[in-house]
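A.B. asks: Supplied in structure tokens, the structure appears directly below.
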Amino acid sequence: MGIAISAAQVDPRVVSFLEKPRQMLINGRWVDSVSGKTFSTFDPSTGEVLAQVAEGDREDIDLAVKAARKAFDDGPWRRLTPSERGRLVWKLADLLEQHLEEFAYLESLDNGKPLTVARAADVPLAVDLFRYMAGWATKLEGHTIPISVPYTPGAKYLSYTLREPVGVVGQIIPWNFPLLMAAWKLGPALATGCTVVLKPAEQTPLSALLLGELILEAGFPEGVVNVVPGFGETAGAALAAHLDVDKVAFTGSTEVGKLIVHAAAGNLKKVSLELGGKSPNVIFKDADIETAIAGATSAIFFNHGQCCCAGSRLYVEKPIFDKVVDGIAERAQKIKVGPGLDAATDMGPLVSEEQLNRVCGYLASGAAEGAKALAGGKKHGDKGYFVEPTVLVNTREDMKVVQEEIFGPVVAAMPFEKPEDIVPRANDNVYGLAAGVWTNDINKAHRMAEHLRAGTVWINCYNIFDAALPFGGYKQSGWGREMGRDVLDLYTQTKAVCTRLG
Ligand code: ADP
């Protein structure tokens with residue numbers, strides 16, 4: 001068996017999925033890469049090879065884009081009624097739900113996250129997203145618009161708008177929520193009638209490939225969804241630059257987001273970006289302290305801090321600072337770090353050795369600049385890519401650990417004295433993805449919500465996601481909104497039709 005896991009631990013359907021090299025999905029068929037190359041995906045709890053996957057590159061992207069183009073321009077897909085399209089998306093949700101266990105295992109093995117979390121959050125959220133988007137297929141309405149043209153006096157017109165799919169979409173997704181990010185991207189694209197070439201992250205390609213099997217089983221016509229695994233600089237870059245792709249949707253680092261914008265310039269394809277963050281989480285002294293401590297702990301340590309919206313800059317009003325940071329540190333020390341498949345695990349490994357080194361680099365930089373770890377502060381164990389949940393104090397705004405996105409289980413905590421000082425400090429960052437506010441003063445809460453420059457503000461909660469709530473960034477955290485009705489704007493364009501009536 002080509003995998004380094006004990007079959008006894010794992011759903012047998014997952015073991016057989018991992019046994020053979022996984023191919024890519026192009027034009028409704030599973031195929032090898034043109035080059036014949038494969039790459040390995042690893043179990044981050046051991047660093048051992050989990051499976052072999054076909055390695056897509058420029059030629060494969062080209063074939064996939066051709067298939068998506070044909071499916072969009074000439075295929076049966078465009079002739080489906082909105083209701084038929086919605087039913088297919090709903091069917092995909094049903095199939096995903098039926099296969100919840102396999103997906104939960106695959107996510108846990110490939111990404112490292114606890115199986116319990118994948119079961120309770122990643123897969124159900126993906127199912128819900130598809131169901132929510134299925135409903136939109138029948139509600140993509142235009143408007144009738146009365147017009148008053150000054151240079152054709154007396155003429156009467158009937159004018160209306162049509163909302164049409166944007167076309168062939170390239171979707172490039174990250175490794176932190178592999179299935180859920182695929183769902184966030186595919187759901188609206190399919191509901192609106194686009195066709196897709198999806199490139200999953202090289203660290204976590206497996207759940208998107210299993211989803212590809214369900215897409216075929218659901219009955220989507222060939223070429224509507226193509227899944228091409230491969231690396232960012234090769235397959236990803238080719239997709240972002242492809243001249244026959246009408247839109248690229250990207251989730252990942254701000255650094256790569258900027259490359260995507262450049263790559264898209266060749267044919268001025270539409271671009272949407274969901275990028276990094278360094279989200280402020282602000283606790284006022286009038287908050288329910290125990291709730292805020294629990295909330296701030298989960299805001300940073302959920303998914304091992306590998307969330308673009310992680311509450312990684314913690315601001316606590318001075319009189320309660322020590323109590324809050326001690327409380328978070330105590331909770332951090334109790335977090336059980338271990339392999340995702342172990343039922344006792346609260347926090348798994350980081351996704352890769354590269355991430356481990358990156359996060360440890362930030363821990364070293366924080367220590368060198370004078371930050372003190374109240375909890376954690378180093379790598380955990382000798383095998384796999386584990387890091388201790390870390391709470392840093394003695395931090396200042398000019399430190400790298402406060403300014404830059406770490407994308408790991410590391411929170412930098414700072415006290416604040418005057419409530420009026422906190423808004424500029426919270427906004428003093430290039431990112432603007434999310435923010436948290438903890439207070440029992442309803443006026444203060446909503447004033448903060450108004451002034452924080454972030455795409456999401458959570459009040460007395462954190463990391464609450466719903467298919468109906470738009471998510472995306474201010475400033476360098478991105479362009480456009482995922483989910484909710486807002487995402488439909490990213491996958492449709494408006495056509496104005498003007499008829500002169502006789
Ligand atoms: P991280 O640094 O956290 O791994 P990235 O932004 O590098 O996040 O990766 C997110 C996604 O972007 C992955 O699917 C990756 O393969 C892809 N990617 C990376 N570099 C490029 C690039 N130059 N062009 C297009 N896609 C890329």
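A.B. asks: Where nothing but the Cβ of Lys and Arg (+1) and of Asp and Glu (-1) is charged, how large is the charge dipole of the stretch 228-357 around its Cα centre, in debye to the nearest 20?
C.D. replies: Numbers: 12 positive and 16 negative charges, 62 e Å.
Dipole of the stretch 228-357, to the nearest 20 debye: 300 debye.
A.B. asks: I would also like to ask the following. Which of the listed residues, Leu350, Pro124, Thr390, is farthest toward the dipole's positive end in the chain, when Lys, Arg count +1 and Asp, Glu count -1 at the beta-carbon?
C.D. replies: Farthest towards the positive end: Pro124.
A.B. asks: Something else about it: What is the mean projected area of the alpha carbon convex hull for the stretch 255-303, to one decimal in square nanometres? Could the numbers behind the result be given before it?
C.D. replies: Numbers: hull surface 20.5 nm².
Its average projected convex-hull area is 5.1 nm².
A.B. asks: Roughly speaking, what is the stretch gain from Ile442 to Lys400, that is 0.36 nm per residue apart minus the C-alpha to C-alpha distance, in nm to one decimal?
C.D. replies: Numbers: separation 42, 0.36 × 42 = 15.12 nm, distance 3.34 nm.
Roughly 11.8 nm would be gained on extension.
A.B. asks: Considering Cα pairs under 8 angstrom that are at least six residues apart, work out the relative contact order of the stretch 194-352 and quote it in whole percent.
C.D. replies: Values: 199 pairs, mean separation 24.8, N = 159.
Here the relative contact order equals 16 percent.
A.B. asks: Further, regarding this structure: So what is the relative contact order for the stretch 337-406, in percent, with contacts set as C-alpha pairs under 8 Å and at least six apart?
C.D. replies: Details: 100 pairs, mean separation 20.5, N = 70.
About 29 percent, as a whole number.
A.B. asks: Taking the Cβ of each residue in Phe39, Phe386 as the centre, tally the other Cβ atoms inside 10 Å and list the residues starting with the fewest. Mind dumping the intermediate values first?
C.D. replies: On the way: Phe39 17, Phe386 22.
Lowest count first: Phe39, Phe386.
A.B. asks: Now for a different question. How would you rank Lys383, Lys66, going from fewest to most other Cβ atoms within 10 Å of each one's own Cβ? Walk me through the intermediate numbers first.
C.D. replies: Working: Lys383 11, Lys66 17.
So the residues, fewest neighbours to most, are Lys383, Lys66.
A.B. asks: Going through the cross-link list Lys37/Lys66; Lys66/Lys91; Lys336/Lys379; Lys247/Lys278; Lys278/Lys400; Lys285/Lys372, which pairs have a Cα-Cα distance over 19 Å in this structure? Write out the running numbers ahead of the final one.
C.D. replies: Working: Lys37/Lys66 21 Å; Lys66/Lys91 26 Å; Lys336/Lys379 14 Å; Lys247/Lys278 27 Å; Lys278/Lys400 11 Å; Lys285/Lys372 23 Å.
In this structure, Lys37/Lys66; Lys66/Lys91; Lys247/Lys278; Lys285/Lys372 exceed 19 Å between Cα atoms.
A.B. asks: With a cut-off of 8 Å between alpha carbons and a minimum separation of six or more residues, what is the relative contact order of the chain in percent? Write out the running numbers ahead of the final one.
C.D. replies: Details: 1176 pairs, mean separation 88.4, N = 502.
RCO, the chain: 18 percent.
A.B. asks: Quick check for the stretch 96-208: number of Lys pairs with alpha-carbon distance under 23 Å, counting only pairs 8 or more apart or on different chains? Provide the component values of the computation, followed by the final result.
C.D. replies: On the way: Lys113/Lys185; Lys113/Lys199; Lys139/Lys185; Lys185/Lys199.
Close lysine pairs found across the stretch 96-208: 4.
A.B. asks: Next up: Expressed in whole Å with the largest first, what are the equivalent ellipsoid semi-axes of the stretch 76-147 derived from the C-alpha gyration tensor as the square root of 5 times each eigenvalue?
C.D. replies: Working: eigenvalues 228, 38, 16 Å².
Working from the Cα gyration tensor, I get semi-axes of 34, 14, 9 Å.
A.B. asks: While we're looking at this one, here's another question. Of the DSSP beta bridges with both residues in the chain, give the percent that are antiparallel, rounding to the nearest 5. Walk me through the numbers before you get to the answer.
C.D. replies: Numbers: 31 of 70 bridges.
In the chain, approximately 45 percent of DSSP beta bridges are antiparallel ones.
A.B. asks: Straight-line reach only, C-alpha to C-alpha below 14 angstrom: list the aspartates and glutamates that Lys20 could link to, leaving out same-chain residues fewer than 8 apart.
C.D. replies: The reachable aspartates and glutamates, counting only those whose Cα sits under 14 Å from Lys20, are Asp32.
A.B. asks: Same structure again: Give me the number: length gained by fully extending Asp244 to Ala344, i.e. 0.36 nm times residue separation minus the C-alpha to C-alpha distance, one decimal in nm. Please list the in-between numbers first.
C.D. replies: Values: separation 100, 0.36 × 100 = 36.00 nm, distance 4.85 nm.
My answer for the length gained is 31.2 nm.
A.B. asks: Treat the count of other C-beta atoms within 10 Å as a stand-in for reagent exposure and order Met24, Met414 from fewest to most.
C.D. replies: Numbers: Met24 27, Met414 20.
By the 10 Å Cβ count, ascending, the order reads Met414, Met24.
Read-outs: derived from the displayed coordinates by stated rules, not from any lab. Nothing here was measured: the structure is a model prediction, and the numbers come from that model. Here the Cβ is made from the backbone with ideal geometry for all residues, glycine too, and neighbour counts use every protein chain on show.
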